[in-house]
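FYI, it's all coordinate maths here, none of it is from the lab. Please read these numbers as outputs of a predicted model, since none were measured by experiment. Ideal geometry is used to build each Cβ from the backbone, glycine not excepted, and the neighbour counts take in all protein chains shown.
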Amino acid sequence: MRRSNQRRDAVFACYQQEVTDRPLAVLLAEAKPFTIELANGVESHRDELDEVISEYAKGWDLKRIAPLEKNIMRVALFEMNFREDVPAEVAIDEAVETAKKFCGAEAPGFVNGILGAAARVMKDDEAELASEQKDEEAAKEVSVPREEAAPDEETQAQAKLVPQGKPMPHDEPVPHDEPVPHNEPVPHDEPIPNGEAA
């Protein structure tokens, strides 16, 4: 069975449950898995879905909207919000087609208007969320310190030659109690080597 037919079956199961109070489990006894998933999803999230419908149904009280139209929109909104494998455009097209077949002449435009408005806001919210996540990732990259570069071979060799914490030989201080040898003068009373006169 095509998904279009299973969506329609989910709509009618939710519609019958609303107008007859029959348990959804009984109405879905022989339904396909996708139909069951959609109908149960609508039942679980009905309050949230109705809030969205109320928000965009300008000038319409939720109680004034025909039950079938309401359930067509509920199923579409459930898919738009909770099914990542169903594009919003597909859910809206399917809902409008169902409204054309089973509702009054004005229903398709009404359904399309509400679902289209909801889809635009969802797209804006997703874009804003994606932008925020991108900014957060950029901030994390800036705050993470870069790894220190590994010392090259020459630096490692020098480190082995000079033990850490010990001064280099030319850095050793000269003791102050010992005289520093200068060009000491030769005493006059000692003969100069090689027999040269002073």
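Here are the numbers:
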| quantity | calculated |
| --- | --- |
| Column: log10 I(q)/I(0), Debye, Cα scatterers of region 3-142, q = 0.10, 0.12, 0.18 Å⁻¹ | -0.36, -0.49, -0.97 |
| Inter-part distance where region 11-58 and region 117-134 are each reduced to a Cα centre, Å | 26 |
| Under the Karplus curve 6.51 cos²θ - 1.76 cosθ + 1.60, θ = phi - 60°, whole-Hz ³J(HN,Hα) for region 89-99, x wherever Gly or Pro sits | 4, 5, 4, 5, 4, 5, 5, 5, 4, 5, 5 |
| Label-point separation, PHE82 to ASP124 (7 Å along Cα→Cβ), nm | 2.5 |
| Relative exposure of MET122, MET80, MET1, judged by other C-beta atoms within 10 Å (fewest first) | MET1, MET122, MET80 |
| Chain lengthening between GLU30 and SER54 when straightened (0.36 nm per residue, less Cα-Cα) | 5.4 nm |
| Sorted by Cβ neighbour density within 10 Å, fewest at the top, the residues GLU37, GLU79, GLU141, GLU55 | GLU141, GLU55, GLU37, GLU79 |
| Region 31-46 - phi-based ³J(HN,Hα) in whole Hz, Karplus 6.51/-1.76/1.60, Gly and Pro as x | 7, 6, x, 5, 4, 4, 4, 5, 5, 5, x, 4, 4, 5, 10, 4 |
| Extreme residue, positive dipole direction of region 1-150, given options ALA119, LEU49, TYR15 (C-beta unit charges) | TYR15 |
| Relative exposure of ILE114, ILE92, judged by other C-beta atoms within 10 Å (fewest first) | ILE92, ILE114 |
